[in-house]
Amino acid sequence: MGAVLGLCSMASWIPCLLCRCCPSGNNSTVTRLIYAFFMLLGVGIACIMLMPGGMGSSIPGAVYRVCFGMAMFFLLFSLIMVKVKSSQDPRASVHNGFWFFKFAAATAITVGAFFIPEGPFTTVWFYIGMAGAFCFILIQLVLLIDFAHSWNESWVEKMDEGNSRCWYAALLSATTINYALSLISLVLFYVYYTHSDGCTENKVFISINMLLCVGASVLSVLPKIQESQPRSGLLQSSIVTLYTMYLTWSAMTNEPDRRCNPSLLGIIGLNSTTPAGQDRVVQWWDAQGIVGLILFLMCVLYSSIRNSSNSQVNKLTLTSDESALIEDGPAPENFEVGDGTNRAIDNEKDGVTYSYSFFHFMLFLASLYIMMTLTNWYSPDANYQTMTSKWPSVWVKITSSWICISLYVWTLVAPLVLTNRDFD
């Protein structure tokens with residue numbers, strides 16, 4: 001807890017400094033970036049808890065408490081900001097300002113979490129964390145689909161503007177690379193995570209997800225789909241396929257059976273297997289955890305700066321795509337000037353560009369996701385002496401992969417099913 005207090009007191013001035021030093025920009029973007037900084041600072045503190053010799057056997061409890069503080073802070077703001085329609089709402093000023101006091105509140109909640117009696121806290125919070133992380137995985141896919149659509153639209157527009165061969169080659173190369181990585185992943189999964197005389201669950205997981213990804217890819221280029229959504233294509237499908245392969249791998253790395261779940265060091269021959277009958281020794285910074293952390297950072301930052309043109313994704317993330325969104329050239333009179341410096345532009349006077357409440361709720365789920373990722377989805381025992389993989393973690397991840405593909409397929413077929421709805 002001393003590390004938490006030290007870091008928090010040293011960093012208490014940073015949000016205010018960020019707010020003043022950020023280049024003049026839209027209030028909606030600057031605010032989300034500062035909240036993203038809050039989240040990343042909490043992640044940094046949680047990572048320190050995992051350093052060798054840092055917190056000893058209380059690592060799970062320490063990480064759970066840091067993430068509990070972050071989660072409660074964002075959940076509180078999610079409830080406070082329900083139905084904020086514009087920056088004229090008094091609650092909007094709380095959302096977009098008072099950074100020092102909000103940072104102090106987040107710090108106080110996090111420190112207070114360390115005084116929660118042990119009891120069933122960690123076990124209950126573990127299962128809450130699993131549920132929240134499951135939901136955040138789905139949000140990751142929504143953001144991934146949004147990114148894929150934006151990427152595809154940008155390059156297709158450049159193809160239409162000129163030099164079409166160059167941009168077509170770039171689009172084809174990116175799609176090929178994604179599918180090649182997915183194919184390599186499939187081969188490695190069958191080689192290292194299955195055996196001829198066992199690992200039936202892994203064989204089923206890999207085979208089902210492979211067939212689902214092939215089906216989604218074929219569906220995306222069918223004439224009917226192309227007619228209703230000309231911008232859909234194999235680039236988006238390739239990204240979703242690669243993400244599904246990651247979720248499949250992530251699920252298999254939590255399987256309790258050590259024969260069907262070799263460590264990365266064991267695969268490359270640098271580590272021996274755990275003796276039979278012993279709990280698995282926790283490797284905090286394994287490959288799956290690092291990839292999960294990178295995806296988390298990318299999603300949080302992307303959600304802070306995104307300006308999507310995809311109407312279906314905007315509906316799912318409760319984001320506005322109307323006139324309140326970022327404009328190319330804000331008028332000079334929109335700049336707010338104070339103390340001789342340009343401040344963020346209030347581009348939400350007529351309506352917010354994103355749901356304040358949903359944004360905070362997403363960060364609440366992100367706090368739970370990072371808690372599970374940093375602890376490798378392991379369930380601590382009553383004495384925190386061992387950490388073991390459990391089947392619920394496997395099923396949460398593999399189910400999320402199936403729902404992810406279903407969500408993507410829905411974005412393709414929705415215009416055909418709901419013909420009376422406008423999806424433009």
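Residues that are free of Cβ contacts under 8 Å to residues at least 24 places away in the same chain and part of a helix (DSSP H, G or I) were ranked within segment 99-115; the one that is nearest to Arg32 (Cα to Cα) is Phe101.
Would segment 242-253 turn up any residue that is among the hydrophobic types (A, V, I, L, M, F, W, C), open to solvent by 40 Å² or more (accessible area, probe 1.4 Å), modelled with pLDDT of 90 or more and under 25 Å from the mean Cα position of the chain (by Cα)? Yes; the residues of segment 242-253 include at least one that is among the hydrophobic types (A, V, I, L, M, F, W, C), open to solvent by 40 Å² or more (accessible area, probe 1.4 Å), modelled with pLDDT of 90 or more and under 25 Å from the mean Cα position of the chain (by Cα). Given the condition in contact (Cβ under 8 Å) with a residue 40 or more places away in the chain, of a type in the set (Val, Ile, Thr) and either part of a loop (DSSP other than H, G, I, E, B) or surrounded by fewer than 21 Cβ atoms within 10 Å (Cβ to Cβ) (or both), answer yes or no: does some residue in segment 218-230 qualify? For segment 218-230, residues in contact (Cβ under 8 Å) with a residue 40 or more places away in the chain, of a type in the set (Val, Ile, Thr) and either part of a loop (DSSP other than H, G, I, E, B) or surrounded by fewer than 21 Cβ atoms within 10 Å (Cβ to Cβ) (or both): present. Name the residue that is farthest from Val240 (Cα to Cα), counting only residues in segment 174-208 that are under 26 Å from the mean Cα position of the chain (by Cα) and among the small types (Gly, Ala, Ser). By that ranking, first place goes to Ser207. Taken together, Val191, Val124 contain a single residue that is part of a helix (DSSP H, G or I), free of Cβ contacts under 8 Å to residues at least 12 places away in the same chain and either closer than 29 Å to Val63 by Cβ or open to solvent by less than 20 Å² (accessible area, probe 1.4 Å) (or both), which is Val124. Once segment 46-87 is narrowed to residues that are part of a loop (DSSP other than H, G, I, E, B), open to solvent by 40 Å² or more (accessible area, probe 1.4 Å) and at pLDDT below 80, the residue that is nearest to Leu33 (Cα to Cα) is Met51.
When the test is whether a residue is of a type in the set (Phe, Trp, Tyr) and closer than 21 Å to Cys404 by Cα, Tyr179 passes it.
Just a yes or no: is a residue in segment 135-150 open to solvent by 80 Å² or more (accessible area, probe 1.4 Å), over 30 Å from Ala71 (Cβ atoms) and modelled with pLDDT of 80 or more? Within segment 135-150 (the criterion being open to solvent by 80 Å² or more (accessible area, probe 1.4 Å), over 30 Å from Ala71 (Cβ atoms) and modelled with pLDDT of 80 or more), the answer is no, since none of the residues qualifies. The number of residues in segment 194-217 being closer than 20 Å to Ala251 by Cα, hydrophobic (A, V, I, L, M, F, W, C) and in contact (Cβ under 8 Å) with a residue 12 or more places away in the chain comes to 7. Filtering segment 218-237 for residues that are at pLDDT below 85, within 30 Å of Ala133 (Cβ to Cβ) and hydroxyl-bearing (Ser, Thr, Tyr) leaves a non-empty set. Of the residues making up segment 194-214, just one is assigned to a helix (DSSP H, G or I), open to solvent by 60 Å² or more (accessible area, probe 1.4 Å) and among the polar types (S, T, N, Q), namely Thr200.
The values are calculated or read from the model by the stated rules, or taken from the named source; none is laboratory data. Note that the structure is predicted; figures quoted are calculated from it, not measured. So basically every Cβ, Gly included, is an ideal-geometry build from the backbone, and we count neighbours across all protein chains shown. Protein only, heavy atoms only, side chains kept; ligands, DNA and RNA dropped before computing areas. Shrake-Rupley method; radii C 1.70, N 1.55, O 1.52, S 1.80 Å.
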